[in-house]
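Values in this text are rule-based calculations from the coordinates and carry no lab data. Source: prediction; values computed, not measured. When we count neighbours, we look across all protein chains shown, and the Cβ atoms used for this are built from the backbone with ideal geometry, even at glycine.
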């Protein structure tokens with residue numbers, strides 16, 4: 001077994017590809033770190049000019065989900081669905097439904113449940129805003145974090161963004177907010193929020209609810225650039241807008257592009273889009289144990305357990321994971337934001353068989369990495385071996401080991417990665433820019 005490198009600083013986390021790009025370290029240490037976009041790796045923290053990267057024991061390291069993720073819930077909670085615990089984490093209830101507003105349901109990727117919950121939070125539950133991400137106004141291939149405080153701002157950001165995002169870099173806005181806020185992010189982003197709470201006690205009283213979106217991995221910006229080439233877009237500066245899906249279920253990729261003939265939209269089916277993007281996922285996603293937001297109050301995803309008819313409106317599968325999540329969901333239903341029905345918990349397993357197999361394969365990947373001296377996250381409370389043994393075929397188990405060995409050599413994972421802010425994604429010309437609505441909390 002080859003000795004593992006020692007992770008002594010945020011620089012080491014980034015260099016050894018443990019970073020998931022959540023942005024929590026930059027929010028905790030804003031004077032020392034800033035987030036940049038690297039086309040090949042994703043969103044990454046780097047030391048500000050003249051600053052040293054935070055080291056071992058620093059607050060930035062303590063909030064990093066790239067280093068470790070652990071469950072802290074009460075496993076003796078009488079309401080937990082036992083059949084789901086081992087492979088899906090804590091689940092109290094399983095629902096299916098959609099936003100009651102037909103426009104939000106249509107625009108969203110899969111029923112608009114996360115958007116509806118967020119709106120209920122700020123319009124009827126007394127929450128100040130929603131910390132989430134949207135496409136950057138001056139560079140629509142990239143994402144930016146915003147604290148939205150109105151229906152218009154929340155709805156403008158509806159839809160999946162299959163590109164690097166750092167919603168936790170806005171935690172300072174939440175910490176300074178006059179009232180609790182909704183947080184929406186990927187499972188790793190929610191894990192970062194949970195790790196930040198004991199480090200920043202003031203933040204604890206400002207997180208009103210955490211909503212996680214199921215995630216099969218974040219494609220790098222390079223993956224989107226390759227996709228653009230596939231539909232005939234040679235210059236990313238010509239892109240006016242990108243929607244990865246939505247406007248129907250599951251929707252289509254829709255890219256608005258400036259051409260000599262004016263603005264036109266180019267499109268691909270969702271299945272073809274995701275198939276093209278999935279090969280460009282960042283490495284940290286390949287060794288992730290949580291794809292369904294196990295540390296969130298509520299998690300939402302696609303209910304793929306049945307065929308979808310052409311033109312069918314979107315639906316979401318909704319997991320209530322905490323008592324707080326239960327209360328938030330019930331209030332949103334009571335106030336007319338969500339239309340839902342309680343469903344068989346087995347619908348979760350039927351809906352996401354690929355994520356179940358991925359969880360099992362992760363055990364094999366982690367083992368191969370440790371043997372070959374490649375650093376991996378520490379997981380606590382995420383049983384994976386039994387899933388690897390019972391849910392994967394012999395061929396799949398061998399692939400999780402041998403395939404990882406190949407990746408390690410092919411991607412040079414034993415060497416330190418060099419992250420560079422890339423100029424490839426140039427900003428739109430001034431006449432096409434809009435002023436971002438990133439709002440400072442009062």
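Any idea how far apart residue 346 and residue 8 come out in nm if each label point goes 7 Å out from Cα toward Cβ?
Result for the modelled spin labels: 5.5 nm.
Please work out the Kirkwood hydrodynamic radius for the chain, using every pair of different C-alpha atoms, and report it in angstroms with one decimal place.
22.1 Å is the Kirkwood radius here.
Scale the Cα Rg of segment 185-270 by the rule-of-thumb value 2.2 N^0.38 Å and send over the ratio, two decimals.
That ratio works out to 1.53.
Which percent, to the nearest 5, of DSSP beta bridges fully inside the chain are antiparallel?
In the chain, approximately 75 percent of DSSP beta bridges are antiparallel ones.
Mind checking the full-extension length gain between residue 204 and residue 406? Use 0.36 nm per residue of separation minus the Cα-Cα distance, one decimal, nm.
Numbers: separation 202, 0.36 × 202 = 72.72 nm, distance 4.25 nm.
The residue 204-residue 406 span can extend by a further 68.5 nm.
Rounded to whole Å, give me the distance from the Cα center of segment 311-377 to that of segment 215-273.
Rounded to whole Å, the Cα centres lie 26 Å apart.
So for segment 31-134, what are the equivalent ellipsoid semi-axes in whole Å, largest first, each being the square root of 5 times an eigenvalue of the Cα gyration tensor?
Listed largest to smallest, the semi-axes of segment 31-134 are 34, 24, 15 Å.
When the distances between all Cα atoms of segment 309-430 are binned every 5 Å from zero, what whole-number percent does each bin get?
Reading the bins upward from 0: 2, 8, 12, 12, 12, 10, 11, 13, 12, 6, 1, 0.
Restricting things to alpha carbons, find the Rg to Rh ratio for segment 255-357 using the Kirkwood radius for Rh. Each step should come with its number before you reach the end.
Details: Rg = 17.9 Å, Rh = 17.0 Å.
A ratio of 1.06.
Given a Förster radius of 22 Å and the C-beta distance between residue 156 and residue 237 as r, what FRET efficiency does 1/(1 + (r/R0)^6) yield to the nearest 0.05? List each step's numbers first, then the result.
On the way: r = 22 Å, r/R0 = 1.02.
The value I calculate is 0.45.
Apply 1/(1 + (r/R0)^6) to the Cβ-Cβ distance of residue 75 and residue 370, taking R0 = 22 Å, and write down the FRET efficiency to the nearest 0.05. Present the calculation step by step, with values, prior to reporting the outcome.
On the way: r = 26 Å, r/R0 = 1.18.
About 0.25, to the nearest 0.05.
For residue 396 and residue 324, FRET efficiency with R0 = 41 Å and r from the beta-carbon atoms, rounded to 0.05?
0.65
Would you mind telling me which residue in 250, 187, 54 has the biggest mean-square fluctuation in a Gaussian network model of the chain, where springs connect alpha carbons within a distance under 10 angstrom?
Greatest mean-square fluctuation among the candidates belongs to 54.
Distance from a point 7 Å along Cα→Cβ of residue 422 to each backbone N in segment 246-279: keep the residues under 18 Å and list them by number.
276-279
With a cut-off of 17 Å, note down the residues of segment 178-202 whose backbone N falls inside the zone around a label point 7 Å from the Cα of residue 331 toward its beta carbon.
178-184
Given 4 °C and 1.567 mPa s, compute D for segment 195-334 with the Stokes-Einstein relation, Rh being the Kirkwood radius over Cα pairs; round to the nearest whole µm²/s.
Taking Rh from Cα pairs, D becomes 72 µm²/s.
In square nanometres and to one decimal, what's the mean projected area of the convex hull around the Cα atoms of segment 265-321? Numbers along the way, then the final one.
Numbers: hull surface 24.3 nm².
Seen from a random direction, the Cα hull of segment 265-321 projects 6.1 nm² on average.
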